[in-house]
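The structure appears below as structure tokens.
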Amino acid sequence: MIRKFCSLVFCVAASLLLLAGCSSHPPSAAQFMNVHEKRNKMGTSFIIGSSLRAGDIYKEHVDGESIQWDDYEGAEFYGNLDLSFLFRYNHLIVGFSVENLSHRGVLGFVSRYIGLQSWGGLALKSFFPDKSASYGGLMLIEEYPINENLKVGLSEHISHNAYQVDQINEGIDCSSSDYYNEYGIGTYLTYKGFSIEFRYGREIGEPRNRFYFMLNYAFRAKDKITSDFELYNDY
């Protein structure tokens, strides 16, 4: 079991280096804490969700510099689809998630009341050549179970977010990414596999504020006597 788990960690780390994306924002705190737990065995959760953002969203704006927007289009989308596949072994969580077409690896620690989630990935190309094409962040989570099914929580994060910039070269669309740093706080409510989450983010060094509204639902992998793999909701 341990050998298989270590192999899984290595594969996820390799995927983090190979997979590329254009946009990235902090993932769900609620569903990170909600990954299926099986004592001394591997628990698995497949999570599907969506995020909406409001506030100072980047639109045809890069780093405050004057850009000829006949040649470029910058867009930090107002919403996105989130998919996550996370594995839990006791207190360790590892896996990957997708924000629209952007991939990121996830690694962290979780207990009954406290979680520490980290994530990261690499974009295809940075808009400014002197900037790193990486994105990611770190999140501290505090959870307060009301009963077995109902839980509330708080989160604090610091992140290096990415958004898409398209360059038009003689009709050819070439995507790249630009970045900004953010810190923020959030709160969530989880009932069984469903969670609703609100988060506030403040850009570091600039007076820009963003508000996140997130809905997620987790499916869990059920053990079977046969070798088949079945996804189900065990609530």
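The values are calculated or read from the model by the stated rules, or taken from the named source; none is laboratory data. This is a predicted model, so every value here is computed, not measured. Note that we place each Cβ from the backbone using ideal geometry, even for glycine, and neighbour counts take in every protein chain shown. To get the accessible areas, we keep the full protein, side chains included, count just its heavy atoms, and leave off ligands, DNA and RNA. Shrake-Rupley method; radii C 1.70, N 1.55, O 1.52, S 1.80 Å.
Against the criterion of solvent-accessible heavy-atom surface with a 1.4 angstrom probe, Arg220, Arg202, Arg112 sort, most first, into Arg112, Arg202, Arg220. Using 0.36 nm per residue and subtracting the Cα-Cα separation, the extra length available between Leu101 and Tyr144 on full extension is 12.2 nm. Between Glu73 and Tyr200, the simple spin-label model (points 7 angstrom out along Cα→Cβ) gives 3.4 nm.
The 3J(HN,Hα) values that the Karplus relation (6.51, -1.76, 1.60; θ = phi - 60°) gives for region 93-102 are, in residue order, 10, 9, x, 8, 9, 10, 10, 6, 10, 9 Hz. Gly and Pro appear as x. These residues, Ile114, Ile57, go from largest to smallest accessible area, 1.4 Å probe, as Ile114, Ile57.
A 1.4 Å probe over all protein chains sorts Lys131, Lys41 by accessible area into Lys41, Lys131, starting with the largest. Residues in region 133-142 carry Karplus couplings, in order, of 8, 9, 9, x, x, 9, 9, 9, 10, 10 Hz; the curve used is 6.51 cos²θ - 1.76 cosθ + 1.60 with θ = phi - 60°, and Gly or Pro positions show x.
Once the Cβ-Cβ distance of Phe213 and Lys131 is raised to the sixth power relative to R0 = 30 Å, the FRET efficiency obtained is 0.55.
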